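Take a look at the structure set out below.
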Amino acid sequence: MNTRQACEAVVRTAVALADQGYLAGVGGNLALRIDAERFAVTPSASDYYAMSPDDICVLRLDTLEQLAGHGKPSVESGLHAGVLKARPDCMASVHTHQPVASAFTLLDRPLPMQGEEARRLIGEAVPMCAYAPSGTSWLASNVGKRIRPDLNAYLMRNHGAVCLGATLEDACRVVRLLEQEAIAWFQRALNAQPESRLHQRALHCLEEDPQ
Ligand SMILES: [Zn+2]
């Protein structure tokens with residue numbers, strides 16, 4: 001994949017994820033490895049629907065030096081670079097603010113994967129990385145410490161998720177599966193509670209989720 005193709009793929013994928021509600025406005029960001037030294041990343045706080053391949057930032061993996069792109073690189077560029085360096089088998093790193101998995105990050109616990117496809121593509125349980133403010137090296141470090149070769153999703157406390165894949169398509173599949181597993185977790189938790197109006201309303205909201 002050349003640089004142009006990588007930037008086009010990042011734009012296409014960002015729009016698709018925004019369409020599905022996984023980025024929440026201008027939140028979230030994604031990175032795609034171009035080669036051993038460079039990666040493409042979405043620009044900071046940009047409207048995904050107005051973005052062109054020329055806006056996508058091309059950075060060095062080791063120093064984050066910007067080599068191309070009109071935009072200012074995402075504040076989570078350091079997080080993505082750390083993840084891509086720790087997982088040479090992954091080409092793509094997608095950070096989402098996906099609704100239900102992000103709600104789960106209010107809880108301080110890992111999210112177990114129950115479905116067969118989720119267990120195969122993500123791993124046994126998605127860990128909860130300790131809280132740190134967005135865009136800090138502290139957050140990149142908290143996620144970096146949890147990276148394992150057999151885990152393709154990570155939750156960040158009070159924030160969102162990082163999903164990995166051998167390709168951008170695989171990373172997006174991880175995003176969708178993670179959301180489904182978070183919805184299923186809340187449904188199980190609510191079903192374990194005594195009947196109540198809150199229980200009924202929450203179940204109704206989860207069933208209305210477009211996923
Ligand atoms: Zn974020």
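The values are calculated or read from the model by the stated rules, or taken from the named source; none is laboratory data. Keep in mind that what you see is a predicted model, and the values were worked out from it rather than measured. A quick note on method: Cβ atoms are made from the backbone with ideal geometry, for glycine too, and the neighbour counts reach across all protein chains shown. Ligands, DNA and RNA are stripped out before the accessible areas are found, and what is left, the full protein with its side chains, is counted by its heavy atoms. Shrake-Rupley method; radii C 1.70, N 1.55, O 1.52, S 1.80 Å.
Once amide H atoms are built 1.01 Å from N in the peptide plane, which residues 5 or more positions from Ile147, or in another chain, come under 5 Å H to H?
none
Which residue, Ile147, Ser74, Ile34, has the largest displacement toward the positive end of the dipole of the chain when charges sit on each Cβ (Lys, Arg +1; Asp, Glu -1)?
My answer, from the dipole projection, is Ile147.
Starting from the amide H of Leu67, placed 1.01 Å from N in the peptide plane, find each other amide H under 5 Å away whose residue is 5 or more places distant or on another chain.
Residues meeting the criterion, in which the H sits 1.01 Å from N, are Val58, Leu59, Arg60.
Which value in deg cm²/dmol, rounded to the nearest 500, describes the helix-derived mean residue ellipticity at 222 nm for the chain, given -39,500 (n - 2.57) per DSSP H run of n ≥ 4 and division by the residue count?
That comes out to -12000 deg cm²/dmol.
From the Cα trace of the chain, what convex hull volume per residue do you get, rounded to a whole Å³?
Hull volume normalised by residue count: 108 Å³.
Hey, what do the phi angles of the range 109-123 turn into as Karplus ³J(HN,Hα) couplings, whole Hz, using 6.51/-1.76/1.60 and θ = phi - 60°, x for Gly and Pro?
Along the range 109-123, the couplings run 7, x, 9, x, 8, 9, x, 4, 5, 5, 5, 6, 8, 10, x Hz.
Tell me, which longest segment in the chain has none of the GluC sites (Glu not before Pro) that fall in DSSP loops with at most 14 further Cβ atoms within 10 Å?
125-194
Which of rounded, prolate or oblate describes the range 1-106 when judged by the alpha-carbon gyration tensor and an a/c cut-off of 1.5?
Oblate shape, in that a/c is at least 1.5 and b/c is the bigger or equal ratio.
Quick check on the range 56-98: take the gyration tensor over C-alpha atoms, sort the square-rooted eigenvalues as a ≥ b ≥ c, and tell me if it's rounded (a/c under 1.5), prolate or oblate.
Oblate shape, in that a/c is at least 1.5 and b/c is the bigger or equal ratio.
In whole Hz and in residue order, list the ³J(HN,Hα) couplings for the range 44-54 that follow from phi through the Karplus curve 6.51 cos²θ - 1.76 cosθ + 1.60, θ = phi - 60°; x for Gly and Pro.
These are the phi-based 3J(HN,Hα) values: 5, 6, 9, 6, 4, 7, 9, 7, 10, x, 5 Hz.
Using Cα atoms only, what is the angle between the long axis of helix 77-86 and the major principal axis of the chain, expressed in degrees (0 to 90) to the nearest 10?
Approximately 90 degrees, to the nearest ten.
Quick check: at a probe of 1.4 Å, how many percent of the accessible area of the range 3-208 sits on carbon and sulfur atoms?
53
Output the 0 to 90 degree angle, nearest 10, between the alpha-carbon long axis of helix 197-208 and the longest principal axis computed from the alpha carbons of the chain.
Compared with the principal axis, the helix lies near 40 degrees.
Return one whole number: the accessible area per residue of the chain in Å², for a 1.4 Å probe.
47
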